[in-house]
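Engineer: Got a structure for you, questions after.
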Amino acid sequence: MMKDISVVIQRLRGSADAQRAYCCMTEVPTPWPRSLCMCRDWVASNLGKYVDGYHLHLESGEVVGHLYFALSERSLFPYEVEPGVGVLYCEWIQQRHQGQGLGKRLFGAFLNDMRQKDAKGILVECTDIEGQMHCQPYLARGFGVAYATGHRKLLYLPLTQPQVSVRPLESRIRPHQGVPIEVLIINGYMCPFEVATEVLMREVAQEFGDQIILREVTLTPDTLQEYGVAKGIFINGQQKLVGGETEEQVRQAILEEL
């Protein structure tokens, strides 16, 4: 535990902590309460298995920052990574508390943990899209680019090993055409923003009756290897939805295939 006058950084220890996860969704009343509950339940069920983390509390007890991670040998990460590497899934400080050095404190607690575990280094997948896991803070912390494609980059911070053996998994989901349309949902449950669209897809798909075949797969190490992806909604093998879409946008994505 790390403490100063105004904040406490604490490791998640059980279901009660998990039910306070994803402070990114509590800055304002969340538009996706159902998906938030589903993601919190997933963290509670998989804490210490596929996910670990830290919460940053104010003295009042309010969670205003989070950092979720796993070691590479038990991470649900769309890369083939050697053992003994920390994989940072998600990090966030609520916007009203940004710029106060709290992100540095939170990451410092995680970094100390990785050093105590003699981790070889830390990997994080980031993006150049504002409001998401932006790359700039990690580059400023000394991370270097290990792999890049499109808007996304995989960054590596060496600790005991200067380089890491890592390669992206290859998606085994192939685009195709035809009716009935196949909708495949890979349930990762790591992001309420993305899970919200999965919830809408289940509801909208019912409108189309036997024109749609809906399949759902829960992400595990085995299904990660089977499909080569860690999350997503695939309509006839194509990923057209990325998270946060409206009901009409979900419906339109189906209609485009019809």
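The values are calculated or read from the model by the stated rules, or taken from the named source; none is laboratory data. No experiment lies behind these values; they were computed from the predicted model shown. Every residue, glycine among them, receives a Cβ derived from its backbone with ideal geometry; neighbour counts consider all protein chains shown.
Engineer: Answer yes if at least one residue in segment 107-120 is aliphatic (A, V, I, L, M), out of contact with any Asp or Glu (no Cβ under 6 Å at 6 or more places or on another chain) and more than 24 Å from residue 79 (Cβ to Cβ), and no otherwise.
Structural biologist: The answer is yes; a qualifying residue exists.
Engineer: Here is a further query. Report yes if residue 174 is over 18 Å from the mean Cα position of the chain (by Cα), within 25 Å of residue 50 (Cα to Cα) and exposed (fewer than 15 other Cβ atoms within 10 Å of the Cβ), otherwise no.
Structural biologist: Answer is no for this residue.
Engineer: Select, from 48, 86, the only residue that is crowded, with 20+ Cβ neighbours inside 10 Å, farther than 14 Å from residue 189 by Cβ and small (Gly, Ala, Ser).
Structural biologist: Just one listed residue meets the conditions, 86.
Engineer: Cβ contacts < 7 Å: first residue assigned by TED's automatic domain parsing to the domain that holds residue 130, restricted to segment 146-159; second residue at pLDDT below 95 and polar (S, T, N, Q), any location; separation 6+ or different chain. Result?
Structural biologist: Close Cβ pairs satisfying both conditions: 151/127; 152/127.
Engineer: Got a number for residues in segment 222-245 being surrounded by fewer than 18 Cβ atoms within 10 Å (Cβ to Cβ) and either of a type in the set (Gly, Ala, Ser) or at pLDDT below 95 (or both)?
Structural biologist: The qualifying residues number 6.
Engineer: Please specify each residue of segment 180-220 satisfying the condition of being in contact with a Ser or Thr (Cβ under 9 Å, 6 or more places away or on another chain), of a type outside the set (D, E, K, R) and assigned to a helix (DSSP H, G or I).
Structural biologist: Listed by number, the residues that qualify are 192, 193, 195, 196, 197, 199, 200.
Engineer: Could you figure out which of (1) without any contact (Cβ under 8 Å) to a residue 24 or more places away in the chain; (2) more than 25 Å from residue 27 (Cβ to Cβ); (3) in contact with an Asp or Glu (Cβ under 8 Å, 6 or more places away or on another chain) isn't true of residue 134?
Structural biologist: (2)
Engineer: Let me ask something additional. From the residues in segment 116-165 that are within 24 Å of residue 229 (Cα to Cα) and among the basic types (Lys, Arg), which one is surrounded by the fewest Cβ atoms within 10 Å (Cβ to Cβ)?
Structural biologist: 152
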